[in-house]
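The block underneath contains the structure these notes are about, expressed in structure tokens.
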């Protein structure tokens, strides 16, 4: 942890003055400490401390940012609404949209103590029983999120849920053209397959959708499987809940995966005994909220396309020297692997394709 020293993306002199004016119970003359909490794969996240008090600050990544991505106002709005629901989340404190303070909009929220399982090493000491309990609460929390009553939260009119899948497919296809660093012929085939099928699901009921739901976006209580907070709401909206399930399945790992191993995100996290395989995760969710198989296949293929674009954007920033994550160079193979996974789903292999 550093005393008032500037971290990448966090000029602390201007920030300290701003926080002294806008956060309650802050001593404008007292020293601050700051540390980076994330690898910079998505929004940059920092812990900031003054005395015994701690907060978390989030801002967009440095350099290349895709249009509509990394929206601080969106994340702040969602956190404010979630404070009135049963979905565990961090309490939001302030939103700053004045880019002159640190060079970009940012939000400040509660620092939630707990455990984040983001790597195989983090999970190495888990017993099979604890891993199974974590898997169960992971799925149950997702169902709770999708069942959240948004009445009175300010999120009743959030997003544009009508035609959600079609708009997502069109959005991420367009984003690819803005961010790609090479041609992947399979991308166009996957995009066409989705364009031909997404309209069929335009009338499915909409719920709150997280947009990036996976194990390492949860803060867990240290000695139990209780979820203290779900993190990273920057892509949240109202839309098709099956997309959240699909993303969870794509990010899941099992022993024996091949193509999935070429995507250097959360590798090996769920390989340990007790976590179960993708079929078990799918079964646990559908026991709470039934899902049609063809609908899931479309959402799986769309998720693969979306993640291919996101990984390409990370690699783009790496090539420009503007990405802070240590795994960015490995994204060179990630987009191609995800496109291939999506095509295997489209060719009829379903969720089993993700283990190929």
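The values are calculated or read from the model by the stated rules, or taken from the named source; none is laboratory data. Remember, it's a predicted structure, so these values are computed and weren't measured experimentally. Don't worry about glycine lacking a Cβ; one is built from the backbone with ideal geometry, like all the others, and counts go over all protein chains shown.
Structure data summary
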{"read-out": "Residue in region 124-135 that is at pLDDT 95 or above, assigned by TED's automatic domain parsing to the domain that holds residue 249 and under 19 Å from the mean Cα position of the chain (by Cα) present", "value": "yes"}
{"read-out": "Residue identified as at pLDDT 95 or above, surrounded by 21 or more Cβ atoms within 10 Å (Cβ to Cβ) and under 23 Å from residue 337 (Cα atoms) among 282, 208", "value": "282"}
{"read-out": "Which numbered condition residue 256 misses (of (1) within 15 Å of residue 278 (Cα to Cα); (2) within 13 Å of the chain's Cα centre (by Cα); (3) surrounded by fewer than 20 Cβ atoms within 10 Å (Cβ to Cβ))", "value": "(2)"}
{"read-out": "Unmet requirement for residue 149, which otherwise passes all of (1) at pLDDT 95 or above; (2) within 20 Å of the chain's Cα centre (by Cα)", "value": "(2)"}
{"read-out": "Top-ranked residue in region 285-294 [being touching a residue at least 40 places away in the same chain (Cβ under 8 Å) and in a helix (DSSP H, G or I); ranked as surrounded by the fewest Cβ atoms within 10 Å (Cβ to Cβ)]", "value": "293"}
{"read-out": "Residue tally, condition under 17 Å from the mean Cα position of the chain (by Cα) and either modelled with pLDDT of 80 or more or farther than 19 Å from residue 172 by Cβ (or both), over region 325-334", "value": "4"}
{"read-out": "Matching option when the condition is under 30 Å from residue 315 (Cβ atoms) and at pLDDT below 90, among 25, 13, 6", "value": "6"}
{"read-out": "Complete set of residues in region 8-36 that are touching a strand residue (DSSP E or B) at 6+ places or on another chain (Cβ under 6 Å), surrounded by 12 or more Cβ atoms within 10 Å (Cβ to Cβ) and outside any strand (DSSP E or B)", "value": "9, 22, 32"}
{"read-out": "Some residue of region 294-301 being assigned by TED's automatic domain parsing to the domain that holds residue 173, more than 22 Å from the chain's Cα centre (by Cα), modelled with pLDDT of 95 or more and at positive phi", "value": "no"}
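Conditions (1) at pLDDT below 95; (2) farther than 27 Å from residue 113 by Cβ, marked per residue:
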| position | (1), (2) |
| --- | --- |
| 220 | no, no |
| 252 | no, no |
| 265 | yes, no |
| 274 | no, no |
| 277 | no, yes |
| 290 | no, yes |
| 304 | no, yes |
